[in-house]
Every structure is written in structure tokens, then in C-alpha cells.
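A short worksheet on the structure shown next.
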Amino acid sequence: MGSLLLAVIYLIFISLGLPDSLLGSGWPRMQVVFHVPSFYAGYVSMTISFMTIISALLSPRMIRRFHTKWIVIVSIALTVFGLLGFSVSGRYWMLFLFAVPYGLGAGAIDASVNHYVANHYSSSVMNFLHCFYGVGAVISPCIMAYALKVARWNEGYRWTAFIQIGILLVCLLSLPLWKQQEGPAEEKRGDDAGISETLKVPGVLLTLVAFFAYCSGEATCFLWTPSYFAGTRAGLRDDTIAAFGSLIFGGYMLAAIGFVVIGTGMGPVYPGNPCDTVFR
């Protein structure tokens, strides 16, 4: 049963990666439809990121109060709502409304599932987990590319939401598996260090600064790779431009596999979220 639950957890991380690459891959077409400058994508992305940070910072309190399975289910439901909201947005300002649940659904699920895996599985499993985030992030630009080829950008968000709904149903069906995994690791949740205690650990501040720098570069590539090709390579179709969004995520996935190989037995190489250090 533990292996079956692990498969569900991998599926959860695929769902975590699915929404992250849609804005960048669809934006070259979306900005034309909304009649806004290219840099306006940054405002939407910052809103999503800000809400992700808020939910991540609140995750220690939520993990102490709620079981991981319920955080997962609510978080995926929020991303479904955000994706469906993006799919029906006819004005640029509407994106900001749905960016709120879109972002809130990402932060808590990332930190809570990392915390759960750290307590119940090996470090190699933790490293491999983030490869599946890359799988999800590779899939969604392909979905957007196909949507732009046969329909509109809206359908890319809608079809991704349908996949998220399928994953949500799987998570609901897997609720008995989570119960079987409950044990001492779950009971000691209240003894984990908080943020203030974690910041006092030598080296943590420098790690957070380095991680912030990494995330900044990562987010820049995630958001602007398709726009770069749209602006520098004349004659490319919208679907081809959207598909280029999967390039950076493909590298992300391969790097995660490499970390599994070199990091086995060394502890988690990539924590996934800076707030995860609160629980280590």
C-alpha cells in the first residue's frame, strides 16, 4: 500500500507542475488577444507567485492542524478553480482575480507533500519527486500548443483543468491509503521547528538567498522563453512558440533525474520549496 500511495504522491507533483508553465507558453498569443504589452505578463506572474509565497508561509500552521491529504485536496481544487477562471477570462484584469486561487493552491501543497515524504520515505524518493514536477511542467506547454493549433489559448487552460480534476478524483479515491500511513511521524508534527528557529541555524540564511536567486532565474525562464522565440524568430506559428515552453522544463526534469543518481544516500539535494526547511 505504501508503494501505491507513493505513486499517488508522484501524480500530485505532476499536478503541481501542470499550471506553472501555461502562462509563459500561452502569453505570446494572450497578449495579442488582450491588447496589452508583453511585460504585462510579469504582473500576473507576480500575483501568482505572491499568493504562492503566502500559502507556503502559512503551511507550517496548516500542517500542524490538518492532515496532508486534506491540504492536497483543497490545494488541487484551488488550482482547478484558477485554471477554469483563466479559461473564461475575456479581459486582462480578470486574470488577477483567478491568479489568487491559482497561486494559493501551489505553495501549501508543495511544502506539505515535501514534509510528508521527508517523514515517511527515503531521501532518494524526495529527489525523484521533483522529477515528476518537471513531467507536469513539460506536459502543459504541449497542451497549450495543441490548443493554439486547433482551438484557442483558453482551451489550453480548460483542458489542463480537466486533467487536474482527474488527479483530484484519484486523490479522493486514495484517502484510505493516507490513513494507513499515519503513525509516529504524523503524531510528532507539533515538535517541528518553526521559521524563526530555522533561521537561527548556521547557513540557513545563505541557503535561502541562494535559493531565491535560483528561483528568480527559474521563473524568468519559465515565463519568458516562449516570448523570446516569438520576438526573435519571425514566422513561427503560435503552437510552435508555445511548445518551446517545454524546453526549460525538460531540462529541469533531466536535472532532477541526475540529482537522484548523484544524491542517493546524501539527503535531499533539492528541497523544492524554501519553506520546507522549517520541517527539517
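The values are calculated or read from the model by the stated rules, or taken from the named source; none is laboratory data. The shown structure was predicted, so the numbers you read here are calculated from the model rather than taken from an experiment. Note that each Cβ is placed from the backbone with ideal geometry, even for glycine, and that neighbours are counted across all protein chains shown. The protein model used for the area step is the full one, side chains on, heavy atoms only, and it has no ligands, DNA or RNA in it. Shrake-Rupley method; radii C 1.70, N 1.55, O 1.52, S 1.80 Å.
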Q: Among residues belonging to segment 73-114 that are closer than 15 Å to SER15 by Cβ and of a type in the set (Ser, Thr, Tyr), point out the one that is surrounded by the fewest Cβ atoms within 10 Å (Cβ to Cβ).
A: THR79
Q.
without any contact (Cβ under 8 Å) to a residue 40 or more places away in the chain, within 25 Å of ILE248 (Cβ to Cβ) and surrounded by 24 or more Cβ atoms within 10 Å (Cβ to Cβ): is that true of SER15 in this structure?
A. no
**Q.** Single condition PRO176 does not satisfy, out of (1) open to solvent by less than 80 Å² (accessible area, probe 1.4 Å); (2) more than 23 Å from the chain's Cα centre (by Cα); (3) modelled with pLDDT under 85
**A.** (3)
Q: Tally the residues that are among the aliphatic types (A, V, I, L, M), outside any helix (DSSP H, G or I) and either at pLDDT 80 or above or open to solvent by 50 Å² or more (accessible area, probe 1.4 Å) (or both), restricting the search to segment 179-219.
A: 1
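Every residue in segment 35-73 that is aromatic (Phe, Trp, Tyr) and either modelled with pLDDT of 95 or more or assigned to a helix (DSSP H, G or I) (or both), please.
TYR40, TYR43, PHE50, TRP70
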**Q.** Test for LEU254: is it at pLDDT below 80, surrounded by 14 or more Cβ atoms within 10 Å (Cβ to Cβ) and assigned to a helix (DSSP H, G or I)
**A.** no
Q. From the residues in segment 132-152 that are open to solvent by 10 Å² or more (accessible area, probe 1.4 Å) and closer than 23 Å to SER112 by Cβ, which one is farthest from the chain's Cα centre (by Cα)?
A. ILE139
Q: Could you tell me whether SER112 is free of Cβ contacts under 8 Å to residues at least 12 places away in the same chain and hydroxyl-bearing (Ser, Thr, Tyr)?
A: no
